[in-house]
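What follows is a short report on a single structure.
The values are calculated or read from the model by the stated rules, or taken from the named source; none is laboratory data. No experiment lies behind these values; they were computed from the predicted model shown. Cβ sites come from the backbone with ideal geometry, for glycine too, and all protein chains shown count toward neighbours. Quick note on the areas: whole protein, heavy atoms, side chains included, nothing else; ligands and nucleic acids left out. Shrake-Rupley method; radii C 1.70, N 1.55, O 1.52, S 1.80 Å.
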Amino acid sequence: MRHQSIYSNRAKIGLITPPTNTVNEAEWTRMMPTGVTFHAHRMPLHAPPHTPEEVAAFQRDLDANVRLLAQARVDVIAYACTAGSMVTPASSMPEAIKGRTGVEAVTTAAAIVQALARLGAARISVITPYNKVPNDHEAEFLRAHGLEPLAIEGLGLGVNGAADIPKISQTPLADIRTLAERTFVQGSDALLITCTDFPSLPLIVELEETFGVPVVSSNTATLYACLRKVGINDHLKNSGVLMTL
């Protein structure tokens, strides 16, 4: 047994989130299997890096946070920022993190791609808290990985800059339900809800029943990838079809 702990005798998961994120931990707490714990750390938010200098600065910051969290003897670390991990190919970021730090890594964007593949879902409807610019980037990322977003719509947050970011976690569930009902396209194989700070866990089973397809969120996909990475195959209730596979 790797971990001599009554709380984490099966596995420890590390979680790195953006500084304002408060939803990821709340939803993971509700889903975490017995004997598995997660340990969170916040990392400063970076604008999408474009120049080699910006990429290098982001990598230095991420690696430093991974190494710090690794001291908790976690088995895998998730970089749980959807937009910040949408690089092509999706697998390149977690592979690069492990290559630079030696720590097993999961990223939310890669986990989403893997989750949809596991479900056999190629044609998807997507809802986000964002505005058109990040939504367009997300649609491009999904297409680059063989997925077809039949519709993607957000709540428009981000048009006012950083001031909008804390509002994401405050979104009422009723608004997310309405957005899903307005956006979902019949013939979709799944509904994807992106952003780890976008609250949706209480809606997932309800929306699956409404639309008749799996519903995947950034938080369920990331946790699923982490659990399977460390050999935890528990079927989790009230979290959607994905978490039972």
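Assuming charge only on the beta carbon of Lys and Arg (+1) and of Asp and Glu (-1), the dipole of the stretch 100-245 about its Cα centre is about 300 debye to the nearest 20.
Please state, as a whole number in µm²/s, the translational diffusion coefficient that the Stokes-Einstein equation yields for the stretch 26-175 at 37 °C and 0.692 mPa s, with Rh defined as the Kirkwood radius across alpha carbon pairs. The estimated diffusion coefficient comes to 193 µm²/s. The solvent-accessible area of ARG118, taken with every protein chain present and a 1.4 Å probe, is close to 120 Å². At full extension, VAL133 and GLU95 could sit 11.0 nm farther apart than now, given 0.36 nm per residue minus the alpha carbon distance. Annotation: average projected area of the stretch 187-242 is 3.9 square nanometres, based on the convex hull of Cα atoms across all directions. Over the chain, dividing the summed -39,500 (n - 2.57) contributions of all DSSP H runs of at least 4 residues by the number of residues returns a 222 nm mean residue ellipticity of -12000 deg cm²/dmol.
The stretch 19-78 and the stretch 213-245 have Cα centres separated by 19 Å. Selection among ILE193, SER125, PRO18 by position relative to the dipole of the chain gives PRO18 as farthest towards the positive end (Cβ unit charges, Cα centre).
Only Lys, Arg, Asp and Glu carry charge here, each on its Cβ (+1 for the first two, -1 for the last two); on that basis the chain has a dipole of about 800 debye about its Cα centre. Judged by the gyration tensor of its Cα atoms, with axes a ≥ b ≥ c, the stretch 101-240 is rounded; a/c sits under the 1.5 cut. Computed on the Cα atoms alone, the convex hull of the stretch 1-105 gives a volume of 103 cubic angstrom per residue. Along the axis of the charge dipole computed for the stretch 37-88 (Cβ charges of +1 for Lys and Arg, -1 for Asp and Glu, origin at the Cα centre), the listed residues THR82, ALA47, VAL66 are led at the positive end by VAL66. Rg and Dmax over the alpha-carbon atoms of the stretch 169-218 stand at 10.1, 31 Å. If you sort PHE141, PHE211 by accessible surface, 1.4 Å probe, largest first, the order is PHE211, PHE141. Would you work out which of ALA96, ASN135, GLY156 lies farthest towards the positive end of the dipole of the chain, given +1 charges on the beta-carbon of Lys and Arg and -1 on that of Asp and Glu, about the Cα centre? With unit charges placed on the Cβ atoms, the residue in question is ALA96. Once all protein chains are placed together, ILE127 keeps about 0 Å² accessible to a 1.4 angstrom probe. The residues of the chain present an accessible area of 44 Å² per residue when probed at 1.4 Å with all protein chains retained.
Counted over the stretch 135-200 with a bin width of 10 Å, the fraction of Cα pairs per bin, in whole percents, is 18, 49, 30, 3.
Within the chain, what whole-number % of the accessible surface is contributed by carbon and sulfur, with the 1.4 Å probe and all protein chains included in the calculation? Spell out each step's value before the answer.
Working: 5880 of 10790 Å².
Carbon and sulfur atoms account for 54 percent of the accessible area of the chain.
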